[in-house]
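In what follows, a structure is listed as C-alpha cells, so that the remarks can point back to it.
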Ligand SMILES: Cc1cc2nc3c(=O)[nH]c(=O)nc-3n(C[C@H](O)[C@H](O)[C@H](O)COP(=O)(O)OP(=O)(O)OC[C@H]3O[C@@H](n4cnc5c(N)ncnc54)[C@H](O)[C@@H]3O)c2cc1C
C-alpha cells in the first residue's frame, strides 16, 4: 500500500490505531454521525498489522466469560454484529462449530461451569456431549465429555478491516497508514494530535493502540496501571494431506487462572488447519521471534512491579509455556491429548502473533476490557481476545460513552 499523504488540518475525531478496534470505532461513529469528519491514523505501512492480522480468526460465541461481564455481553452481541457486517459486505465466514473437550474427569466441573456461563450469557445452541458422542461432531477427537458450540465461527479479520476501511474511505474519511501518533495536547475546545508527519487538530481523539495503548494513555496523563505486557502466541500448520483430521475447532478446557484458552486446533476460512497458540512473555511488543528484544519494551516489562509478581504466581504455567515455545513436539503432544491420531510429522511451520495483555501493578492479568477517559480523549486500555469478535459491539459501547460525554 502506498504511504498515505500527511494528514493535517482539522477533523472532528482522530482515531489512533488501524487494527480492528480503531476501524470498528471509526465505522460506528460514521454510521451514527454521518456529519462528522474522521481520520484513522495507523503507525504501520498496512492496516491490521499487529494482533488483528495474527490471530486464530475465530468468531467466539461467548461461552467462557462470567455472565454480565463486559466480555460476555460484548462477545455475544459482537458475534451477531460481525456476522451481519460480513453478510452485508460479502466477507466469507463460516459457523465451523467448536468442541471444548475434557480429557480427564478432573476437568468436568470446569467444563460444567463453562456450560452454565454460556447458557446464562445466551450463547445459542450449546450441547453437552458424553465421551461416546464426541465422534458424532469430530470423528478423530476423544475425551470424557465435551461442550459443543455450533455457532462458533471463523473469519479473516484482515478482510473485515479492509472492508471497514473501504466503507470509511467511500464516505470521505481519512484512513492513513505510516502515521505513528507521538502525543496529544488538549486545549479547551480541541486536541492537537501529533504524528510522524505533522499534526492534526480534532474535537476528540480515540485511542485503540493495542500493545502501545498504555504508553499513549500515560502520555495523556492517565494512570500507569495497568501496563501492557506482550505474550507471543505461535502456531503450527497441519500439512495439507492431514487437514481433514478435524472438521471445525477443538479446544481444551482452559485453566481458569489464565486469560488464555490453551493450545487448540483451529480451522481457518482458507481451509488451513492450525495448532496453537503458545503464550510466552517476550521482550518486544512486535516480537517476530521468541527471542526478539527491543530494549525499551523489555525495560518497561521488567521494571513493572506486576511482572515479577505474575511470574511467581504463574511459575508452573510459565514452565509449560517455555516448553511449548521451545519444542514443537510438546505443542503437538498437547493437541494429541484430544486428537490422538495427530502425529509429529503432520505439522509444519505456522505463524505467530503478539497479544497485548494488561497486567496490574500487583501482578493480576486483567481479563475484562478496560477503558479510560482523558480531556477530549478516550482510551481502550485492554482489549484481549475475544476483542476481534466483539469489535463492533465494543465500538458501539465506546461511541455510547463518547455521545454521553456530549462530544
Ligand atoms: C495469538 C492471538 C490469537 C487471538 N485469537 C483471537 C480470536 O480467535 N478471536 C478473537 O476475537 N480475538 C482473538 N485475539 C485477540 C484479538 O486479535 C485482539 O483482541 C484484537 O485484534 C485487538 O484489536 P486492536 O485493534 O485493539 O489491536 P491491534 O490489532 O493490535 O491494533 C492496534 C493498532 O494500533 C496501532 N498503533 C499502536 N500505536 C500507535 C501509534 N502511536 N500511532 C498509530 N497507530 C498505533 C498498531 O500498529 C496496531 O495496528 C487473538 C490475539 C492474538 C495475539
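Each reported figure results from applying straightforward, stated rules to the coordinates on display, with no laboratory input. Computed from a predicted model, the values in this text were never measured in an experiment. Using ideal geometry, Cβ is built from the backbone for each residue, glycine included, and neighbour counts are taken over all protein chains shown.
Grab the eigenvalues of the alpha-carbon gyration tensor for the range 292-407, scale each by 5, take roots, and send me the semi-axes largest first in whole angstrom. The partial results should precede the final answer.
Values: eigenvalues 243, 89, 33 Å².
Working through the eigenvalues yields semi-axes of 35, 21, 13 Å.
With no solvent and one point on each alpha carbon, what is the Debye value of log10 I(q)/I(0) for the range 326-382 at q = 0.30 Å⁻¹? Treating every Cα as an identical point scatterer, log10 I(q)/I(0) equals -1.17. Quick note on the range 80-138: its Rg to Rh ratio, both from C-alpha atoms and Rh being the Kirkwood radius, is 1.08.
Placing a label point 7 Å from the Cα of residue 317 along the Cα-to-Cβ direction, the residues of the range 228-256 whose backbone N falls under 12 Å from that point are 254-256.
Annotation: Cα Rg of the range 1-133 relative to the compact-globule expectation 2.2 N^0.38 Å equals 1.38. Restricted to Cα atoms, the range 161-226 shows a radius of gyration and a Dmax of 13.4, 39 angstrom.
Angle of helix 157-170 to the longest C-alpha principal axis of the chain, folded into 0 to 90 degrees and rounded to 10: 30°.
Rounded to the nearest 0.05, the FRET efficiency derived from the C-beta distance between residue 405 and residue 242 at R0 = 51 Å is 0.45.
In Å, the Kirkwood hydrodynamic radius of the range 29-98 over pairs of distinct alpha carbons? Present the calculation step by step, with values, prior to reporting the outcome.
Details: mean 1/r = 0.0672 Å⁻¹.
Evaluated on the range 29-98, it is 14.9 Å.
Taking the radius of gyration and the Kirkwood hydrodynamic radius from Cα positions alone, what is the Rg/Rh ratio for the range 75-191, to two decimal places? Write down the numbers at each step before the final one.
Values: Rg = 21.1 Å, Rh = 17.8 Å.
Ratio of gyration radius to Kirkwood radius: 1.18.
Our compactness index for the range 257-358, the C-alpha radius of gyration over the empirical 2.2 N^0.38 Å, is 1.18.
Over all alpha-carbon pairs in the range 1-63, figure out the percentage whose distance exceeds 13 Å. Each step should come with its number before you reach the end.
Values: 1331 of 1953 pairs.
Summing the P(r) tail past 13 Å for the range 1-63 gives 68 percent.
For the range 121-179, what is the Kirkwood hydrodynamic radius in Å, using each pair of distinct C-alpha atoms? Final number for the Kirkwood radius of the range 121-179 is 15.2 Å.
Each listed q (0.15, 0.31 Å⁻¹) maps to a log10 I(q)/I(0) for the range 301-346 from the Debye sum over equal C-alpha point scatterers, namely -0.52, -1.03.
So, R0 is 35 Å and r is the distance between the beta-carbons of residue 89 and residue 3; what FRET efficiency does that work out to, to 0.05? Before the final figure, lay out each step's value.
On the way: r = 26 Å, r/R0 = 0.75.
So, using R0 = 35 Å, E works out to roughly 0.85.
The alpha carbons of the range 265-308 occupy a box of 42, 19, 15 Å along the principal axes, longest dimension given first. Full extension of the chain between residue 372 and residue 133 yields a length gain of 81.4 nm, computed as 0.36 nm times the residue separation minus the alpha carbon distance.
What's the angle, to the nearest 10 degrees (0 to 90), between helix 70-89's Cα axis and the longest principal axis of the chain? Tilt of helix 70-89: around 80 degrees.
The C-alpha atoms of the chain define a longest principal axis, and helix 20-32 lies at about 60 degrees to it.
Let's test the formula: R0 of 35 Å, r as the Cβ-Cβ distance of residue 190 and residue 224. What FRET efficiency results, to the nearest 0.05? Present the calculation step by step, with values, prior to reporting the outcome.
On the way: r = 26 Å, r/R0 = 0.75.
Working from the Cβ atoms, E equals 0.85.
Our helix-only sum for the chain, with -39,500 (n - 2.57) per DSSP H run of n ≥ 4 divided by its residues, gives a mean residue ellipticity at 222 nm of -9500 deg cm²/dmol.
Convex hull volume of the C-alpha atoms in the range 159-284, normalised per residue: 177 Å³.
For the chain, the calculated P(r), taken from all Cα-Cα distances in 10 Å bins from zero up to the bin holding the longest distance, is 5, 23, 32, 25, 11, 3, 0 percent.
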